[in-house]
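S.K.: Sharing a structure here in structure tokens format.
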Amino acid sequence: MDIYAQLALSGLFIGGIYALISVGLTLVFGVLRVVNFAHGEYLTIAMFLTYFLFQRVGLDPFLAGAAVVPLMFLLGLATERLLIRPTLDAPHVVQVFVTFALSLFLQNLLLALFTSDFRTVRTAYATASFQIGPLYLSWLRLAIFVAAIALAVALAAFLKYSRMGSAIRATAQDRRSARLVGIDVDRVYAITFALGCALVGAAGVLLAPLLPVNPYSGADMILIAFVIVVLGGMGSIAGAVLAGLMIGVVESFSSYFLGGEMKQFVYFVCFMLILAFRPAGFFGRKGAEVMDVT
């Protein structure tokens with residue numbers, strides 16, 4: 001039983017990161033109805049920024065977040081204004097091509113700048129752990145999990161209780177009606193896209209001490225994020241968190257019992273089985289694309 005509890009904890013810890021990556025993606029889709037294929041590259045950029053702040057400036061990865069997250073927010077604002085906004089009234093296929101092209105451009109730009117070499121953030125506390133009964137817990141993984149869940153909860157609270165959050169939810173439900181009651185929809189779109197980039201930037205900061213980074217790191221993660229967003233229900237914050245934790249646990253158990261090369265196969269099987277019974281995902285609404293903070 002001890003090994004099962006240990007695997008479940010390990011899965012939850014990595015699932016928290018998956019959830020944070022996916023929350024930013026589902027937020028953008030829920031409001032703008034845009035599937036951002038460059039989401040993974042923003043994760044890579046945040047990881048590289050964290051790495052260089054650690055290597056060149058000596059800034060602890062957790063402290064680096066104070067610089068990286070605002071930079072990612074600004075990058076999101078610029079991307080929305082220059083690339084996303086001109087395509088919002090175009091057919092969805094145009095948005096797909098634009099974000100996919102952006103993904104390829106950023107990936108190749110990072111490859112040209114930094115080569116394909118892996119870079120690692122090595123902190124003094126990376127291997128520190130403590131024991132609770134028969135279970136061993138990593139301080140780093142625990143801190144990352146708590147930070148990821150806290151950010152997801154903070155986002156849900158922001159959407160539910162703040163004035164801008166109300167405007168975002170109103171725009172997600174019906175942008176024409178939102179315009180009629182005086183909401184600046186263009187500003188809402190810009191803030192929403194920037195928030196999505198800031199959240200994936202925070203995930204990149206948290207991932208940097210755990211995983212090595214190269215220009216393809218985000219591409220490896222984005223497939224998991226898409227699975228989580230669809231499984232949780234397109235546009236659902238709570239669904240993304242729940243699905244992220246579930247995928248993390250499934251990945252942990254399948255890697256241990258079947259080998260690391262089988263983990264994607266296992267969670268895709270789970271993904272298909274769940275959608276066979278709940279096509280809209282855990283918290284999605286069939287036939288609707290809405291922003292849900294419950």
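The values are calculated or read from the model by the stated rules, or taken from the named source; none is laboratory data. These numbers come from a predicted model, not from an experiment. Cβ atoms come from the backbone with ideal geometry, glycine included; neighbour counts cover every protein chain shown.
S.K.: Tell me whether the range 236-244 contains one or more residues that are surrounded by fewer than 24 Cβ atoms within 10 Å (Cβ to Cβ), within 19 Å of the chain's Cα centre (by Cα) and either in a loop (DSSP other than H, G, I, E, B) or modelled with pLDDT under 85 (or both).
M.R.: No - not one qualifying residue is present in the range 236-244.
S.K.: Also, quick follow-up: Considering the range 72-96 alone, what residues qualify as being among the acidic types (Asp, Glu) and not in a loop (DSSP other than H, G, I, E, B)?
M.R.: Scanning the range 72-96 gives a single hit, GLU80.
S.K.: Test of understanding: among THR79, THR87, which residue is closer than 19 Å to TYR189 by Cα and touching a helix residue (DSSP H, G or I) at 6+ places or on another chain (Cβ under 6 Å)?
M.R.: THR87
S.K.: Go through the range 117-144 and give me each residue that's modelled with pLDDT under 90 and among the polar types (S, T, N, Q).
M.R.: THR123, THR127, SER129, GLN131, SER138
S.K.: For residues that are crowded, with 17+ Cβ neighbours inside 10 Å and free of Cβ contacts under 8 Å to residues at least 60 places away in the same chain, scanning just the range 42-63, find the one that is nearest to ALA101 (Cα to Cα).
M.R.: If we take residues in the range 42-63 being crowded, with 17+ Cβ neighbours inside 10 Å and free of Cβ contacts under 8 Å to residues at least 60 places away in the same chain, then LEU53 is nearest to ALA101 (Cα to Cα).
S.K.: So which of ALA203, ALA194, ALA178, ALA172 is in contact (Cβ under 8 Å) with a residue 60 or more places away in the chain and over 28 Å from MET272 (Cα atoms)?
M.R.: That would be ALA194, the only listed residue that is in contact (Cβ under 8 Å) with a residue 60 or more places away in the chain and over 28 Å from MET272 (Cα atoms).
S.K.: Another question about this same structure. Which number in (1) touching a residue at least 40 places away in the same chain (Cβ under 8 Å); (2) within 23 Å of PRO209 (Cβ to Cβ); (3) of a type in the set (Val, Ile, Thr); (4) in a helix (DSSP H, G or I) marks the one condition that THR99 misses?
M.R.: Condition not satisfied by THR99: (2).
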